Amino acid sequence: MPLPERRKGEAHEAFLDRCMGEEVMVREYPDPKQRRAVCERQAEARAEGALELLSEPGALEIEAAAAEGDGQAALPHFTMVAYTGGPMRIAGWRYPVVVDLAGLAIPSQNRPIRFGHDASAGVGHTDAIRVTGGRLIATGVVSRHTDAAREVVASAKNGFPWQASIGVRVEEVEFVKAGQRVRVNGRHLAGPVNVVRRATLGEISFVDLGADAGARVSVAASASEERHAMDETQTDVTQETEKGTDPVQADGGAEPQPKKPEAPTEPEGATDPPPEPSTVTAAAATDDLPDPVSDIRSRAAAETQRIAAIRKICAGARPDIEAKAIGEGWDGTRTELEVLRASRPKAPAAHVPERGVTGGVLEAACMLTAGLAKPEEHCEEQALDLAAKRFRGGIGLQELLLEAAWANGYTGRNFRASREVLRYAFAQDIAAAGYSTIDIGGILSGVSNKFLLEGFYSVERVWRNICAVRNVSDFKTVTSYRLVGADTYKPVAPGGELKHGTLGEESYTNKADTYGLLLAIDRRDVINDDLGAITSVPRKLGRGSGLKINDVFWTVFLDNSGFFKTANKNYITGADTALTVDGLTKAEVKFLEQVDADGKPIGLMPQVLLVPTALSAIATTLQKSLEIRDTTADTKYPIANPHQGKFRAEVSRYLANTQYTGASAKAWYLLASPADLPVIEVAFLNGQESPTIETAEADFNRLGVQMRGYHDFGCALQDPKGGVKAKGEN
């Protein structure tokens, strides 16, 4: 029976108090001590990360078999209906729970059998587990040589009605609301109810009290030699089943037995049948088993003597050793040895300050202090833990530079000699033999890059959605060619010879250039111990790079009078080119009429609708709306939108900005996918799409730390057939 889900931040004792008050727990375990023991045991399973669902124990049939005919003793064995497939009331679940046996995974036929779901109280193991008739049936052997195993067998002989309970790991749960019905395990159930659709069987336990009255277990053992069998742990598996049920053999197969006629299928409104009453039978014992009560008494006496001996040795002078010895089960000899060791004189203790500061720890401290989101994605867990422990109140810029300088051999104790600290921190002309040097420039660059990207991605990035990207290895002009004329497949003649294609004369060029900026953290930031300087400066550098790539890109794209023109058949003008249903239809037709050098269709469909901010609303309407209502004059009927879902709308504020040649608040574009036929291309050096930042000590004529950011890229228009421009007159 599982405990409730532990709430975030809930203390252990508060969690146990809440569990102790659960209505189901109070009803099933009226004894507070027993109830707390159950809560403690299952709370440990929760702490290990396992979401366990322990079924409520069901009725258990106990039966003792006669002695074996050949005179050999046999270990006890059992056959159980571990779960009947019906709903259960479980602590922590507001509504009843039913385990769908069709989704129950059984890892192996050998699963542990325990006492009260306690891992330390083993009883035996199963040798066969089956799901049949909407029930979970298992057979096995009482194979453990434990007090729990002896208690189960002894109590069974005395006629105690043991019951069964399963423990499963829940993986998927379906909640059926009130007023709804669901069919599970061959029966109809009315909501509200929780249906465990997927779970994994963990173990099965003997318990003494439960509510699943249909679940039962039969335990059989040789009566005349039962004690010998338990002591020698010999195994002889036999099986018995209740008349009319499906027996399960030790090899997992089913032994044919006569069955009761199956009841007709339940109608939709039928309720669950009442559980079958449990039956208990027991044969009279001919031999006495070891008395568990006497065994408990003898162990209690031995424990009392051990504690008394420990207290006598410690004599109240060593309460710490006394408590540890009692709690960990020490004997008198070990306790006496520990007391003797503690009484020896100790050498004077020397306090050595914790160093162990590495570049990774300093970088983690900077990210924690600056409040970077999800620092665990950028730093190792060990470095984060040490940084949080070492720099509890956060790290300042001066402290960061001092830690790096100390690691590189600096012997000063403060930041007064700032020039000397910077020289050691950046390891300039420093003979660092014997020191584990720290690269403060690398640390600052690593931290700064995280905030550089934050600034870079904070500006508009529509350009990235409408362009092709090229990777170049140098700053030379690169040329790309289009296959034209001979790019279609040719018939293959007998013999399988393929004809060669040819490269046409259509070629397009591009080249990367370098753009950069230098900013500095001056001496005032260092003296003010402002760590925020290494986050705000990189943000500015990143934002500057993002603005620059937009500036270069849209300058090239908008200066397109020689690219989008009537001669290229990719430019439309007139009063009917405003962005409307009709205007978009005209642009689409113009795009689809594009042909290659041989006069054949290019075979591509337009996918991107690029508009300025003034046309954002109508572009979104044309992209998403099923109907567009015409409210002019007396015409007020809806018109079906033929372009709904055809194109992806992209809106850029640069298209209408008058600082760029060719800008217009009315013109708009219909473009092919840049992966198919791009109208513009961006080239990045070595594929580096984001800017780079580097940190170093400032020049001699400046005090502080300088940072430089640079970005290598270039933009160029490509194939005119990849898009259509509409002038947008109205």
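Taking amide hydrogens as placed 1.01 Å from N in the peptide plane, the amide H of Thr132 sits under 5 Å from those of Ile137, each at least 5 positions away in sequence or on another chain. In sequence order, region 682-688 has phi-based couplings of 10, 9, 10, 5, 6, x, 7 Hz under the Karplus curve 6.51 cos²θ - 1.76 cosθ + 1.60, θ = phi - 60°, and Gly or Pro positions carry x. Only Cα pairs under 8 Å and 6+ residues apart enter the sum, and on that basis the relative contact order of region 293-342 stands at 35 percent. Taking the Kirkwood radius as Rh and the Cα radius of gyration as Rg, region 293-342 has a ratio of Rg/Rh equal to 1.05. In a fully extended conformation the segment linking Arg311 and Asp474 would gain 50.5 nm over its present Cα-Cα distance, using 0.36 nm per residue. Here the convex hull built on the C-alpha positions of region 556-623 has a volume of 114 cubic angstrom per residue.
Order 126-135, 183-192, 620-629 from most to least packed using the mean count of other Cβ atoms within 10 Å.
Working: 126-135: 19.0, 183-192: 16.9, 620-629: 14.3.
Top to bottom by mean Cβ count within 10 Å: 126-135, 183-192, 620-629.
Each residue, Ala575 and Lys374, gets one label point 7 Å from its Cα in the Cβ direction; the gap between the two is 5.5 nm.
Over 23 Å between Cα atoms, which of Lys565/Lys624; Lys476/Lys548; Lys548/Lys590; Lys374/Lys450; Lys476/Lys721 qualify? Mind dumping the intermediate values first?
Details: Lys565/Lys624 30 Å; Lys476/Lys548 21 Å; Lys548/Lys590 33 Å; Lys374/Lys450 11 Å; Lys476/Lys721 26 Å.
Too far apart for the 23 Å limit: Lys565/Lys624; Lys548/Lys590; Lys476/Lys721.
Considering amide H positions built from the backbone, and no H for Pro or chain starts, which residues 5 or more places from Gln607, or on another chain, come under 5 Å of its amide H? Those qualifying (amide H under 5 Å, at least 5 residues apart or on another chain) are Leu671, Ala672, Ser673.
Bear in mind that the values in this text are calculations on the coordinates, not laboratory data. In this text the structure is predicted, and so the values were computed from the model without any measurement. Glycine gets a Cβ as well: all are built from the backbone with ideal geometry, and neighbour counts include every protein chain shown.
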